[in-house]
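What follows draws every value from the coordinates through simple rules; no lab data is involved. Predicted model, so just to flag it, every value in this text is computed and none were measured. Cβ atoms come from the backbone with ideal geometry, glycine included; neighbour counts cover every protein chain shown.
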Amino acid sequence: MERIQTYCALCVSRCGAIAVVEDGRFVALEPDPSHPTGQALCAKGRAAPELVYHADRLRYPLKRTRPKSDRDPGWQRISWDEALELTATRLRQLAERHGPESVAFSAVSGSTSALVDSYVWMQRLMRAFGTPNLCGSMELCGWGRSGATAYTFGVGMTGGGHMPDLENAGCILFWGYNPSIARLAHATATVKALRRGARLIVVDPRRAGLAGKADLWLRVRPGSDGALALGIAGVMIERGWYDRAFVRDWTNGPLLVRSDDGRLLTEADLTATGSVQRYVAWDTTLQRPLVYDPARRRYARDGAEPALFGEYKLDTPRGALACRPAFDLIAENCRRFSPDVVAATCWIEREQVERAARMLWESRPTAYYSWSGVEQQSSATQIARAISLLYALTGCFDAPGGNVIFPSVPASNVAGEELLSSRQRGRALGLSERPLGPARTQWVTTAELYRAILDEQPYAVRGLVGFGANLLVAHADVTRGRAALAALDFYVHADVFMNPTAELADVVLPVATPFEREALKLGFEVSPAAQSLVQLRRPVVAPRGEARSDTEIVFELARRLGLGAHFWNGDIDAAYRHQLAPSGLSLDTLRANPAGVRVPLQTRYRKYAEETDGVPTGFATPTRKIELYCEAFLNAGYRPFADYEEPLVGPLARPELAGRFPLILTCAKDTHFCESQHRGLASLRRRAPDPEIELHPAAAAERDIRGGDWVSVETPDGRVRARARLNESLHPRVVSGQHGWWQACPELGAPGYDPFGPDGANFNLVIGNAAIDPISGSVPHRAYLCQIRRLD
Ligand SMILES: Nc1nc2c(c(=O)[nH]1)N[C@H]1C(S)=C(S)[C@@H](COP(=O)(O)OP(=O)(O)OC[C@H]3O[C@@H](n4cnc5c(=O)[nH]c(N)nc54)[C@H](O)[C@@H]3O)O[C@H]1N2
Ligand SMILES: Nc1nc2c(c(=O)[nH]1)N[C@H]1C(S)=C(S)[C@@H](COP(=O)(O)OP(=O)(O)OC[C@H]3O[C@@H](n4cnc5c(=O)[nH]c(N)nc54)[C@H](O)[C@@H]3O)O[C@H]1N2
Ligand code: SF4
Ligand SMILES: [Mo]
């Protein structure tokens, strides 16, 4: 028997673990409490051996032999050599004839899979190949917390090494995030913080996970989160429960906004010799304009007190101009969301708004995390902006116990940004419609991908390289998606299992599970201690059949595409050495220490205030301050400060639909499965045999539905089935479903579900791709209209 120190890579938690191997067979995965994320394992982690030895694993490369219109693809086993040569030839042909942008990549999210092992290499391949199109669920999973918040703070707020400092937080705010299910290591750390007396606020339509332990649970109406955040911010401003000095010194709240065009006033507006690069605030002591220089991160007069409120008439060469500090405009907008308005809009009690504001302020330092609940919304960007505003008011950014940019082990960036020309970057699908959205960094949505394939707009996409990604189950507009994938000239898909999306591929490549392959992980994110650990995960057993790691596939494909020079000529060890060079760690040391090596790191706080030659670091934004007021938004035609937008498929925005579809539909993850995976594992399926929809007992009674009944879930876009589960914690007009159901579990005789028809259980069959966030393209999987009916 061998016990191998490793970690479970199946989801974002990456729990430290010990793999038990008996006679060469992987028999168990156990928690490793000596690992910074190893306190516990979930049922999925414990089912790892079942995953590895599952009968349905893909074990050999496959080639389609029948047309895509045929229900049977006629899969034929081929050699790796044939599969990769065919793939490289077809991809090269497409690039030569139609440009590399005619090939898109798709990828399973690193939060729900071990593709995180290979993500940067896959991105490097796609960029070296020359395509700016990666369909990786960014608009549903990471945009709000990382992309949108960066417009405010200059850095993505939650994700990577930028995390809530749970060890020191006085108040923890989880907004649309349930770590008990989604990120075990985070849940464990939160429970520890609660034991030491930290307060917890949970914003969630369901009383899920830690909401049961929270000091305050805000049962928000799905998708109305922006109004709630602005309402809480409004109370904080009104009562003076905010860090005034921080807002004054480190946000662009004091900068004056012109009343005529909403732009930030510049020095050039005041004098002919003034600079357009310098902004203007109002000096409350001297009662005159105060110039702010982003290059020096300072106001012209040391110790000056810029105004946060008021209206000021300034003399300009073109006459008098009325201006107000940005913060004054923001405060005014927040006042529109009084506790009464919030109560009516968000369906919560008005007293809760003040309680939340008070707790965020009085129990600080405050740290927060937000995720899926507010990502999959038609106003995902504005919701993230509103939460960012609220958070900036606490003054806890990068402070002990706040949201801290934890240190990370120095490493070379290998994602290959430099390999993609600016011309190709400019061709990312959706970039012209949404210039500030995820396409700026090569993330495209399925709506854009399907349009490019089917309508050839703005140009034709003809090839797809899929690393995992079950697009037809994970994304909306399923029927159009199927037509699009079937219309591709060439589609290669690498996966651990066959899935309904991969069924439309031309070539399928078998991928090893994380327990059968080596991978390098620099930092485990959730705490400074976790960040300091570097682990080279050892394979526990040899891959089944001919399965290979995604990294091996990327490197070998790169070589055959003539891109070997960017990939150390296929030498993965050499690539790791390059990646590790700045860390001072050697690959041999890591191989000799499977439990990982800790690199001493020091957590520095408030790095924005650190000075170099007398100039503070500031923030990576145009004004070098936290941008509560964002001119980039104004320039793109959006509101420059956080504002509320009604969910686009909701009772207020679509009253004509609300009669036929009176319920609000949202969804959440299941603890037993990752997204559309794992329904085939008997130990998990036994505990969660059916797709479910949760509804309030009153809503059920009104429809003659009992717990356990099969019901239909119908929206303006379609209909699917699910089993009713009664949940008293929900608002009677809110129901919550599950996505990801298609796979059968033959071992238990548990059925699979047709992903494309009303008798199936593909949640996303009833979600459309039309009503989306105008800034990011996010799709409202979490706020839709529906009706539920009992099925006889
Ligand atoms: N209604 C609704 N829709 C949603 C969501 C929701 O909450 N509700 N969540 C959204 C979110 S946040 C996300 S991230 C997406 C998730 O959607 P996807 O990113 O598609 O993720 P999964 O469904 O988990 O997995 C897709 C495939 O990846 C394969 N896979 C697993 N591990 C690996 C690996 O290491 N390598 C390779 N090559 N393949 C692997 C699996 O076998 C599976 O076939 O769904 C989104 N869609
Ligand atoms: N067990 C398990 N773990 C996973 C995954 C999995 O599928 N299963 N997936 C991984 C991935 S890809 C991701 S992105 C993360 C996601 O992790 P989370 O974001 O925590 O996942 P969810 O449970 O989908 O959503 C969190 C909460 O949002 C609530 N919610 C729904 N609608 C709204 C709303 O309108 N407003 C607010 N405020 N809340 C709302 C739900 O009730 C739910 O409790 O988890 C990762 N870990
Ligand atoms: S939470 Fe479960 S699936 Fe995720 S890494 Fe930990 S043990 Fe693995
Ligand atoms: Mo995700």
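Residue-wise HN-Hα couplings along the range 134-150, as the Karplus relation 6.51 cos²θ - 1.76 cosθ + 1.60 with θ = phi - 60° gives them from phi, are 10, 9, x, 6, 4, 5, 10, 10, x, 5, x, 6, 10, x, 5, 5, 5 Hz; Gly and Pro carry x. Of all DSSP beta bridges confined to the chain, the antiparallel ones make up roughly 60%. Over all orientations, the range 212-255 has a Cα convex hull whose mean projected area works out to 4.7 square nanometres. Taking label points 7 Å from Cα along the Cα-to-Cβ direction, THR589 and GLN76 give a separation of 5.2 nm. Expressed in units of 2.2 N^0.38 Å, where N is the residue count, the Cα radius of gyration of the range 646-751 is 1.16.
Backbone phi angles across the range 579-589, fed through the Karplus curve with coefficients 6.51, -1.76 and 1.60 (θ = phi - 60°), yield HN-Hα couplings of 4, 7, 3, x, 7, x, 8, 9, 5, 5, 4 Hz in residue order; Gly and Pro are listed as x. For the range 246-322, the average shadow cast by the Cα convex hull is 4.9 nm², which is a quarter of the hull's surface. Here the Kirkwood formula puts the hydrodynamic radius of the range 254-395 at 17.6 Å, using every distinct Cα pair.
So what's the gap between the Cα centers of the range 275-348 and the range 642-675, to the nearest angstrom? If you average the Cα positions of each part, the centres end up 36 Å apart.
Counting every other Cβ atom within 10 Å of each residue's Cβ, ASP613, ASP550 order from fewest to most as ASP613, ASP550.
With angles folded into 0 to 90 degrees, how steeply does helix 550-560 sit against the dominant principal axis of the chain? Use alpha carbons for both and round to 10. Rounded to the nearest ten degrees, it is 80.
What area, in nm² and to one decimal, does the C-alpha convex hull of the range 77-174 cast on average over all directions? Could the numbers behind the result be given before it?
Working: hull surface 37.3 nm².
Mean projected area of the Cα convex hull: 9.3 nm².
Fewest neighbouring Cβ atoms within 10 Å first, the residues CYS42, CYS135 line up as CYS42, CYS135. Relative to one another, the C-alpha centroids of the range 371-423 and the range 11-36 are positioned 31 Å apart. Across the range 598-732, the relative contact order, built from alpha-carbon pairs under 8 Å that are at least six residues apart, equals 14 percent. For the chain, the mean residue ellipticity at 222 nm estimated from helices alone is -7000 deg cm²/dmol, where every DSSP H run of n ≥ 4 contributes -39500 (n - 2.57) and the total is divided by all residues, rounded to the nearest 500. Across the range 108-220, the fraction of Cα-Cα pairs farther apart than 20 Å, rounded to a whole number, is 53%. Which whole-number percent of Cα pairs in the range 44-101 have a distance greater than 13 Å? Considering the range 44-101, 74 percent of its Cα-Cα pairs are separated by more than 13 Å.
Spin-label model, GLN287/ALA486: points 7 Å from Cα along the beta carbon direction are separated by 7.6 nm. Structure note, pairs LYS213/LYS625; LYS68/LYS521; LYS44/LYS68; LYS313/LYS625; LYS192/LYS521; LYS44/LYS213: Cα-Cα distances above 32 angstrom occur for LYS213/LYS625; LYS68/LYS521; LYS44/LYS68. Amide hydrogen proximity for SER370: with H placed 1.01 Å from N in the peptide plane, the residues at 5 or more positions away or on another chain lying under 5 Å are TRP175. Scalar couplings 3J(HN,Hα) for the range 367-383, obtained by applying the Karplus form with A = 6.51, B = -1.76, C = 1.60 to θ = phi - 60°, are 10, 9, 9, 10, 8, 3, x, 10, 7, 8, 9, 6, 10, 3, 5, 5, 4 Hz; x denotes Gly and Pro. Sites listed here are chymotrypsin sites (Phe, Trp or Tyr not before Pro) in the range 436-515 whose DSSP assignment is loop and whose Cβ has at most 14 other Cβ atoms within 10 Å: TYR459.
When the Cα centres of the range 505-574 and the range 216-253 are compared, how far apart do they sit, in Å? For the range 505-574 versus the range 216-253, the Cα centre distance is 43 Å. Its Cα gyration tensor gives the range 353-453 an equivalent ellipsoid; the semi-axes, largest first and in whole Å, are 34, 21, 10. If R0 is taken as 35 Å, the Cβ-Cβ distance between ARG92 and ARG66 corresponds to a FRET efficiency of 0.90. Subtracting the Cα-Cα distance of GLU305 and ARG725 from their residue separation scaled by 0.36 nm leaves 145.5 nm. With a Förster radius of 60 Å applied to the C-beta separation of SER275 and ARG790, the computed FRET efficiency comes to 0.30.
Translational diffusion coefficient of the range 530-625 at 37 °C, 0.692 mPa s, Stokes-Einstein with Kirkwood Rh over Cα pairs, in µm²/s as a whole number.
191
Evaluated at q = 0.15, 0.21 Å⁻¹, a Debye calculation over the C-alpha positions of the range 178-291 (equal weights, vacuum) places log10 I(q)/I(0) at -0.84, -1.18.
Translational diffusion of the chain was estimated from the Stokes-Einstein equation, with Rh taken as the Kirkwood radius over Cα pairs; at 10 °C and 1.306 mPa s the coefficient is 58 µm²/s. This model, with +1 at the C-beta of Lys and Arg and -1 at the C-beta of Asp and Glu, gives the range 689-748 a dipole about its Cα centre of some 80 debye.
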